[in-house]
Amino acid sequence: MGEIILEKDINTDNAADFFYSGLDKSLKLIERELGVIISTRGNKLFIKGPEEAAHRAERLVEEIKEINKKGYVLKPDDIRFAVLSISKGEETSLKELFLNNIPVSSKKRFIIPKTETQRKYIEAIRKYDIVFGIGPAGTGKTYLAMAMAINALIKKEVSRIVLARPAVEAGERLGYLPGDIYEKVHPYLRPLYDALYDMMDFEKATRLIEKGIIEIAPLAYMRGRTLNDAFIILDEAQNTTTEQMKMYLTRLGFNSKTVITGDITQVDLPQGKTSGLIEAERILAKIEGIKFIYFTERDVVRHRLVQEIIKAYEREEKRKEEREDRKD
């Protein structure tokens with residue numbers, strides 16, 4: 001299929017102004033990943049390249065234009081993963097991703113999904129009361145769940161947020177650790193604080209924590225409670241035992257929603273202990289009203305090298321399995 005040149009009228013005095021300077025990197029990314037050349041002349045934008053790639057680039061430009069018209073400011077990172085998905089032939093819509101934003105009380109106006117799986121995850125959290133997000137680190141499982149929790153609090157859909165994590169390294173026997181309760185659990189809960197403070201002003205978040213409107217606690221502190229009118233997130237759920245997972249899931253009260261996140265390939269439980277997340281996946285998969293969303297290395301939204309590291313480890317795991325099979 002030969003090359004074509006597509007001409008787009010941007011409806012401005014100068015098409016170059018359509019992309020503010022911060023999007024230069026994004027244009028270069030579109031050119032590099034899709035194998036096209038983008039140039040401007042007057043109020044016209046020209047896309048040159050193989051027909052299919054040129055049309056994909058045209059679609060991206062059109063979606064950027066529509067998003068800009070709605071008053072949103074695009075940053076290079078906002079479109080990077082959509083471009084990468086489109087370059088792989090996936091039917092990803094930048095407009096659908098971007099307009100599926102999550103307003104949060106922060107210096108950032110909103111959080112947006114960066115992959116199709118993230119978009120489906122957000123939709124699932126909106127629709128279902130119990131959602132499991134399963135996949136490797138860096139895919140946004142906890143971060144997006146946190147954004148949805150904060151958004152639900154802002155909109156007064158819930159009256160509090162509860163964030164829980166198993167302190168597996170301490171075997172949940174927190175009494176053996178030195179210091180007061182805060183000092184005992186803080187190292188295990190630090191990632192949850194990091195996500196919270198990234199979305200919400202530090203002083204405001206601190207006030208909400210002091211008032212108990214946002215609670216960050218080890219999983220052991222969920223026992224015996226019923227959580228009504230709350231958005232509850234259980235992070236690192238692969239490190240729960242069967243008993244802990246059952247205990248946690250039965251804490252859910254009226255007008256409450258929970259998101260359980262974890263990576264079933266990174267279980268840190270003592271040998272012989274079954275992961276509560278793996279067992280829940282098997283036992284609850286067919287229950288109506290519970291949704292499982294699966295992430296892969298394609299959804300990793302950290303540094304590009306993180307994706308390559310995950311792939312490398314997956315290849316090594318397969319090689320180990322093959323060697324074990326040959327021994328048998």
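Bear in mind these aren't lab numbers, they're just calculated from the coordinates by the rules spelled out. Keep in mind it's a predicted model, so treat the numbers as computed, not measured. We place every Cβ from the backbone using ideal geometry, glycine too, and count neighbours over all the protein chains shown.
As a quick test, which of the pairs Lys70/Lys95; Lys65/Lys155; Lys114/Lys204 have an alpha carbon distance above 19 angstrom in this structure? Write out the running numbers ahead of the final one.
On the way: Lys70/Lys95 11 Å; Lys65/Lys155 29 Å; Lys114/Lys204 27 Å.
Over 19 Å apart, Cα to Cα: Lys65/Lys155; Lys114/Lys204.
With Cβ to Cβ distances under 14 Å as the rule, what net charge do the other residues near Met148 carry (K, R +1; D, E -1)? Present the calculation step by step, with values, prior to reporting the outcome.
Values: positive: Arg119, Lys120, Arg126, Lys127, Lys141, Lys155, Lys257, Lys291; negative: Glu123, Asp129, Glu157, Asp235.
Here the charged neighbours net out to +4.
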Packing-wise, with mean Cβ within 10 Å as the measure, how do 281-293, 256-268, 138-150 rank, highest first? 138-150, 256-268, 281-293
What is the distance, in nm, between label points placed 7 Å from the Cα along the Cα-to-Cβ direction at Glu157 and at Glu317? 3.2 nm
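If the chain between Lys120 and Thr242 were fully stretched, how many nm would it gain, using 0.36 nm times the residue separation less the Cα-Cα distance? If you can, show how the numbers build up before the last one.
Numbers: separation 122, 0.36 × 122 = 43.92 nm, distance 2.73 nm.
That pair, Lys120 and Thr242, stretches by 41.2 nm at full extension.
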Could you give the nm distance between label points at Glu288 and Asp201, where each point is 7 Å from its Cα heading toward the beta carbon? 4.5 nm
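Note the full-extension length gain between Arg326 and Ile5 as 0.36 nm times their separation in residues minus their Cα-Cα distance, in nm to one decimal.
So the chain would gain 110.1 nm between Arg326 and Ile5.
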Once you've got the Cα coordinates, tell me which of Lys28/Lys318; Lys141/Lys246; Lys28/Lys291; Lys141/Lys273; Lys28/Lys257 are over 32 Å apart. Lys28/Lys318; Lys28/Lys291; Lys28/Lys257
